[in-house]
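Derivation of every value follows stated rules applied to the coordinates shown; laboratory data play no part. Please read all numbers here as calculations on a predicted model, not as lab measurements. Note that we place each Cβ from the backbone using ideal geometry, even for glycine, and neighbour counts take in every protein chain shown.
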Number of protein chains: 2
Amino acid sequence: MSLALWLVIGAGLLAIAYGAFTANKVLSLPTGTDRMREIAAAIQEGAQAYLNKQYTTIAIAGAVVFIVLLLAFKLDFVPAFGFAIGAVLSGAAGFIGMLVSVRANVRTTQAASESLQKGLSVAFDAGAITGMLVAGLALLGLVSYYAILTVGMGHAPESRSVVNGLIALSLGASLISVFARLGGGIFTKGADVGGDMVGKVEAGIPEDDPRNPATIADNVGDNVGDCAGMAADLFETYVVTVAATMVLGSILFTADAAQFMFYPLAIGAVCILTSIAGTFFVKLGKGSTNIMGALYKGLIVTGLTSLVAVGIVTFQMFGFSETIGQTEQGAPFTGLSLFLCGVLGLVVTGLIVWITEYYTGTAYRPVKSVAKSSESGHGTNVIQGLAVSMEATALPAIVIVVAIVTAYNLAGLFGIATAVTTMLALAGMIVALDAFGPVTDNAGGIAEMSGLEGSVRDTTDALDAVGNTTKAVTKGYAIGSAGLGALVLFAAYTKDIEHFITLANAPGSTVHPYFKGMTELTFSLSNPYVIAGLLIGGLLPYLFGGIAMQAVGRAAGAIVEEVRRQFKEKPGIMQGTEKPDYARAVNMLTGAAIKEMVVPSMLPILSPLVVYFVVLAVAGKVAALSAVGAMLIGVIVTGLFVAISMTAGGGAWDNAKKYIEDGHHGGKGSEAHKAAVTGDTVGDPYKDTAGPAVNPMIKITNIVALLLLAALAG
Amino acid sequence: MSLALWLVIGAGLLAIAYGAFTANKVLSLPTGTDRMREIAAAIQEGAQAYLNKQYTTIAIAGAVVFIVLLLAFKLDFVPAFGFAIGAVLSGAAGFIGMLVSVRANVRTTQAASESLQKGLSVAFDAGAITGMLVAGLALLGLVSYYAILTVGMGHAPESRSVVNGLIALSLGASLISVFARLGGGIFTKGADVGGDMVGKVEAGIPEDDPRNPATIADNVGDNVGDCAGMAADLFETYVVTVAATMVLGSILFTADAAQFMFYPLAIGAVCILTSIAGTFFVKLGKGSTNIMGALYKGLIVTGLTSLVAVGIVTFQMFGFSETIGQTEQGAPFTGLSLFLCGVLGLVVTGLIVWITEYYTGTAYRPVKSVAKSSESGHGTNVIQGLAVSMEATALPAIVIVVAIVTAYNLAGLFGIATAVTTMLALAGMIVALDAFGPVTDNAGGIAEMSGLEGSVRDTTDALDAVGNTTKAVTKGYAIGSAGLGALVLFAAYTKDIEHFITLANAPGSTVHPYFKGMTELTFSLSNPYVIAGLLIGGLLPYLFGGIAMQAVGRAAGAIVEEVRRQFKEKPGIMQGTEKPDYARAVNMLTGAAIKEMVVPSMLPILSPLVVYFVVLAVAGKVAALSAVGAMLIGVIVTGLFVAISMTAGGGAWDNAKKYIEDGHHGGKGSEAHKAAVTGDTVGDPYKDTAGPAVNPMIKITNIVALLLLAALAG
C-alpha cells in the first residue's frame, strides 16, 4: 500500500484522535448543581432511548437493503459490504456526536455561569468533536474500503468492483441520513412546535419553563435532530461527493484512474488538518462579546489555509502547467485548472454563507420585513415569511449556475466535482459551527429549568442566537453542496451509460449484454420520456416535503393534546407544586417519529425503480434509462428550490421572532410577538425537518439509479 | 375565403351574441332596495376606476412592447399588430366581464331573496357572459388574424409571417394576463387579507360588515381579481394553446399546413356550441338544493357533447382510418389517433377537476385535516395547509405525465397539442363556472351590508361556498392546461430551431444566416448550459411568487393600518353612527396594486433575453439557444409545482375555515376558527395572486423565447 494512502488514513485517524482528546477534555469539566445534573440526565436518557429505537429500526431497513444488494449483484459481497460500512460509520458519527452533545450541554451551562468565553469554549469544543468525527470517519471509511478493494483484494482502481463498492458505501450513508434527518426532525420539531404552541402561546409560560411537560422532549430533540441528524446529513454529503468524484475520475480518466481517484481523498485529508487548525482560532478577542466573529475567525483560518493546502496537493500531484486531461468539449486542462476549481468551491462556500446570513440574519431587510409584518397579524407574518423563503432561492441558484459553468469551462465535469469536493472538505469545521447550536440551546434550557440566575440565561441566550445563525448557514452550505454533488452523481450516471454502451458494442464484446445494440442516450428535452422523468423527479421533493410536514403537524398536535391533558389532570403543574410527566411526552414522540419516518424514506429509494420498470414495460430500455436520468435532474431542480426556500424561510421566521424579543415592534408578549411565534412554529418543520431531509433524498434517488445501472450491467 | 373559416367566425360571433343576449336579460332584472343600489354603485365605481387605471398602465407597457416588436422585426407590422389584437381583445374580455359582474351582483342578491334557483340563475348567467366572451373573442381574434394574413394578405399558412403573427398575438394576450392577474390579485387579496385581519380577527366583526372601511374594496377586488383577472388568464391560455397548436401544425406538416392549422380552430368552434348547450342544463332539480350538482350537470353535458362534436370534426377533416401523418419516431397516425388525443384532453380535464375537488372540498381528508389541525393553533393550521399544498402536486403531475406520454405515442407532438386544445376548448363553460364565484361573493356582501334578513345571506352563502370550489377547480384546470400548453410552446421552440437550421444549411441557401453552420441542438442534460438554463428557469416562478406574495403582504399591511386609523379617528364607526371612508381604502389599494404589478411582470419578459445575451457573450450561439430552451423547461417544471401547490393549498385553507364555520371543531368564534382564519389569510395570496399569475408567467417566458428566435432568424 502506498505512502499516500497511509497519509490519508493518518489524517482520518488524526481527526478521530482530536475528537477523543477534546471529548476527554469536555467530559472532565464540572457539571454544576444536582438539579442541573438531574435535568441533564433526563435529556441524556431520552436521547439515548430515542436513538436506540431509531437505529434499531434503521438496522432492519438496512438489513433488507443489504440482502437486496447481495441478490441484485449476484452474491457479490463488495456492494453489500460497502453499504454496511457507509451505514455503520454514518450511524457512529451521529451517535457519538449525540453522546458528547448531551453531556456537554450541562457543562456549557456551568461554564457560562463563569464567563462567556468559557461557555463558548465548551460548546464549540463539543461541536468540534462531532465535526471532526464526521469528516474523519467519512474519509476513513472511503479510503479504507478503497484500499481494501484495490490493495487488499487486488481490484484495479477503475474496475466496476471498486466503483460499485464506493457507490454502495454512499448509499449506506444516505440511507442513514434520510432516516436520521426525518426521524430526528419529526421528533425535535414535534416537541418544539407542540411545546411552544401550548406553552408559550396558550399557557403564556416562557420557553424551557420546567412546568411545560414537553420541555425535556424539546431538549432531547435538539440533540437527536440538530446534532445527530445533522451529523448524518453532512457525513452523507461528504461521502457521496467524494465517492462520486472518485467514480467520475475512474470513468473519465481510465488511464490515470488511480491518480484522479486519489485526488479527492487527498483534498479531504489536508482539509482535516486545516479544519483542526481553524478550531484553535475560535476565541473571543480581549473584552469582545462578538461570538459570531470568533466563530468566523476559525472558519476564515480554515478557508485560507485550505486554499494553500489544496494548492500544494494539486501542484504535487499534477504540477500546474502540464496538460493532464481534456474537458468533454476537448479543451485541455492543467493542474492549475483543477486548483482554480478548488478555489471556486471555497468561493461558493463563502458566497452561500453570506447569502444565507443575509436572508436569515436580524441585521438585514428580509428578517426585518418579517418582523415588521408581524405587527399586522399572524397571517401577514406567514405571508411575508413565505415570500422571503421563495425569494431566498434566487441568489444561491445563480451562484450555483455560475459555479457549474465556470468549473466546467475550467476542467469539464471533473472540474465541477473538484469544486464540490473542496467545498465539502471543510465539513469538519462547518459541522463544528453547527453542532455548537444544539449544545447552547440545551445549555439555555438547563439554565432555565434549574432556576439559575438570569445572567447565566443571558449568556446562553447570546450563544444560542449565534447558534441559530450558524445552523441556518450550515444548512445553506449543505444544500448548495448537495445540489452540486447530485449533479456530479448525474454526470456519473450519464458517463456510466456511455461507458457500458461503448464496452457492450465493441466488436466481439460479450460484456454488459443489456446495453448491446444501444446507441448514445442524449437525454434530449424534446424526448417526452425525458419531460415525463423531469416532472416525476420534480414532484418527489414536493410529495416528500408534504409528507414530512404532515408528520410534524401530527406529532405536534399529539404533543399539544398531551400537554393540555397533563395541565388539566394535574392543576398543580402550573403552580409548581406538581411535577409534569416528562417521560410520557418523550416516549410518545419517539413512537410517532419512528413510525412517521419510514414511508417518506422509501420514496427516493423506490421511485427510480418504479419509474424504470414502468417505462421499460411501456416503451423499452432506452426510454426507461432516459426517463430515470431526467428524473434525477428533476429531483435536483425542484429539490434545490424546495430545500433552500424551506431552510432560509425557517431561519428568517426564527430570527424575526428573536428580533422582536430583542425589543422591536413591541417586544415579548406583544401581539406582534405572538404572530412571530406562529411564524417561527411554521418555520420549524420547514427548516429542521422537511428542508434538510430533502438533501439526502435527492442523493438517494441518484445513487439508487447508479446502482440500478450497475445491476443491469451485471 | 373558405366556408370553413366563415363557420369558425360564425361560432365566435355566436358566443358574443349569446353574451350580449344574456347580458341584456340579466341587466333587465330588478336591483332591490336603494341601500342595495347604493352599495352596488360604490363597488361599480371602485372597480371601474381600478380597471381604468390598470389598463392605462398596461397600455403604456403595451406601447413599448409594440415598438420593440416593430424594431425587432424590421418594421414588419404583422407581429406588432398581432400583439395589439391579442392585447386589446384580452382586455376587452376582462373589462366587459367585469362590467356585467358588478351589475349582476346586486341583481343576484335581489333574486336570492326570492329563491335559490333564481339566485343561481342570475349568478350563473353573469358567469356565462364572461365565459362566452372569453372563448368567443379568443377564437375570433385568432381566426380573423389568420384569415387576414392568409386570405387577405395572401401569405401561405405555413409562412413565417403567419407564424410570427400568431405568436405575437399570444404575447399580447399573455402580457395583459400577467398584469391583470398580478394587479387584480394584489388588489383583491390586499383588501381581503387586510380587511379580514383587522375586521374579523381584531375588531371581531363579521366579513362584509359595513363598519369595516375595507369592505367595499374587498368587493371591488372580487370583480377586478377573480372576474377580470381570471378572464384574462383563461383568454390567454386559450389563445396561446390554440396558436401554439397552429404553429406546430405549420412546422410539422408543411405540406398540409392549412388543414392542420385549421383543426384547432375547428375544435374551438364546435366546443363553443357545446358550451352554450351546456349552459341550458345548469338548473336545480325539483326541490333540490344541490348547486354543485346543477353546475356539474352543465359541465358534463358540455363534455359529452364535445366528445361527439370533436369526433365529427375530426372524421370530417381527416377520416378515421387513413394515415395522415407521422409521429417524431416515424410511427404513422390517423384521424382516429387525433380524436383519441382529444378524448384524452377531456379525460385529463375530468381528472384534474376531480383531484382539485378532492384537495379543496370539505368532504375529503385534506381539508378536514387542515380544519382538525386548527384546533391546536395557528401554527399547526399553517403547517398542515402547507403540507397539503405540497402533496396536492403529485396526482396532477402524474396525470400530466401520463397524458404527455399517451398523446405522444398516439400522434406525436401534435397529439399533445391536440389534447390541450380540446381541454382548452371547454374554456367557455369553465370560465362560466368560475366567474359565477365573484358574483355570488359580491351578492353576499351586498346582502350583509344592506342589512337584508339572514335567510338571504344564507342563500348567497350557499352559492358562495360552491363558488369557492368552482374557483379552485378552474384554477387547477387552468394550470394543468397551462403546463401542457407551455410544453407545446417548447416543442414549437425546438422545432423552429430545427426548421431554421435545415433551411439555413441547405446547399446554396441564403436565408436565416444566423443559423448557418449550426448543427442540430440536442438540449442534452449532459450539457452544463442546459443544466444552467434549467436552474435559472426553475428559479423564476420562485422569485416571481416571492415578489407577488410580498406585494400582497405590503398592500394588506397598509390596509390594516388604514382601517385601524379610521377606527381610531372615527370611534363612531364601530357604533354605527359614523360612516367609514370606503373610497380612501379603494384608492390606496389601486395605487399599491398598480405600482406592485410592474416589476414582477417584467421578469418573464426580460429573463429569456438576459439569459440569451449573457450566455451568448460567454459561450456562443449554440450554448445560448440551449440555455434558453432549457430555461423554458425549467420554468415549466417548477412553475407547475409552485402554481398547483399554491392554488390547491389556498383552496384547502379557505374551505377548512368554511368547514369550521359550519359548526365543526368549535365553529365560528372558537380558537380553531381564529387559526383557520389565519390559514385562509395565508392562502389568499397563494391561490388568488401568486399561484394563478405563475400561469401566464410560464407562457410569456416561452413566447418571448419564440419571438427572439423569429427575430434572430430575420
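Of note:
- Global geometry of segment A:164-244, whether rounded, prolate or oblate, following the gyration tensor of its Cα atoms and the 1.5 cut on a/c: prolate
- Among the listed pairs B:471/B:595; A:368/A:570; B:118/B:699, those whose Cα-Cα separation exceeds 30 Å are A:368/A:570; B:118/B:699.
- Under 13 Å, Cβ to Cβ, from residue B:131 - net charge with Lys/Arg +1 and Asp/Glu -1: -3
- A simple rule links phi to the HN-Hα coupling: the Karplus curve 6.51 cos²θ - 1.76 cosθ + 1.60 with θ = phi - 60°, which for segment B:10-25 gives x, 4, x, 5, 4, 4, 5, 4, 4, x, 5, 4, 5, 4, 4, 4 Hz, with x for Gly and Pro.
- Each peptide in A:603-610, B:691-698, B:105-112 gets a packing score, the mean of other Cβ atoms within 10 Å over its residues, and the list from highest to lowest is B:691-698, B:105-112, A:603-610.
- Simple spin-label estimate for residue B:520 and residue B:668 in nanometres, 7 Å along Cα-Cβ: 6.6
- Taking amide H atoms as placed 1.01 Å from N in the peptide plane, the amide H of residue A:578 lies under 5 Å from those of A:573, each 5 or more residues away in sequence or on another chain.
- Summing charges over all other residues whose Cβ lies under 12 Å from the Cβ of residue A:600, with Lys and Arg as +1 and Asp and Glu as -1, gives 0.
- Position residue A:45: other-copy label points at 7.2 nm, ordered by increasing distance, label point 7 Å along Cα→C-beta.
- Rounded to the nearest Hz, the phi-derived 3J(HN,Hα) couplings of segment B:212-228 under the Karplus curve 6.51 cos²θ - 1.76 cosθ + 1.60 (θ = phi - 60°) are 7, x, 8, 6, 5, 4, 4, 6, 4, x, 3, 6, 7, x, 6, 8, 5, where x marks glycine and proline.
- Shortest-first nm distances, residue A:516 label point to equivalent points in other copies (7 Å, Cα→Cβ): 4.9
- Counting only Cβ charges, +1 for Lys and Arg and -1 for Asp and Glu, the dipole size of chain B around its Cα centre is about 440 debye.
- In percent, rounded to a whole number, the relative contact order of segment B:32-171 is 32, using alpha-carbon pairs under 8 Å and six or more apart.
- Exposure proxy for A:16, B:479: other Cβ atoms within 10 Å of each Cβ, ordered fewest to most, give A:16, B:479.
- Nearest-first distances (nm) between copies at residue A:575, label 7 Å from Cα via Cβ: 4.5
- Most positive-pole-ward Cα, B:361, B:644, B:285, against dipole of chain B from beta carbon charges: B:644
- Close amide H pairs (under 5 Å, H built 1.01 Å from N) link residue B:333 with B:324, B:325, B:326, B:327, residues at least 5 positions away or on another chain.
- Burial ranking of peptide ranges B:262-273, B:416-427 (average Cβ count within 10 Å, highest at the top): B:416-427, B:262-273
- Segment A:312-351 and segment B:425-456 have their alpha-carbon centroids 65 Å apart.
- Per-residue mean of foreign Cβ neighbours for A:643-653 is 1 (Cβ atoms of other chains, 10 Å radius).
- Selection from B:380, B:451, B:440 lying farthest towards where the dipole of segment B:357-463 points positive, charges on Cβ: B:380
- Surrounding net charge for residue A:574, when Lys and Arg each add one and Asp and Glu each subtract one, Cβ distance under 13 Å: +1
- Top positive-direction residue, dipole computed over segment A:117-256 with Cβ charges, set A:123, A:143, A:212: A:143
- Charged side chains reduced to their Cβ positions (Lys and Arg at +1, Asp and Glu at -1) give the protein assembly as shown a dipole of some 660 debye around its Cα centre.
- Exercise: per-residue mean of other protein chain Cβ atoms within 10 Å, A:543-552: 6
- Taking all Cα pairs closer than 8 Å and separated by 6 or more residues, the relative contact order of chain A comes to 21 percent.
- Charges were assigned to the Cβ only: +1 to each Lys and Arg, -1 to each Asp and Glu. The resulting dipole of segment B:25-136 about its Cα centre is roughly 40 debye.
- For peptide A:368-376, the mean count of partner chain Cβ atoms within 10 Å of a residue's Cβ comes to 3.
- Shape of segment A:554-711, Cα gyration tensor, a/c cut at 1.5: oblate
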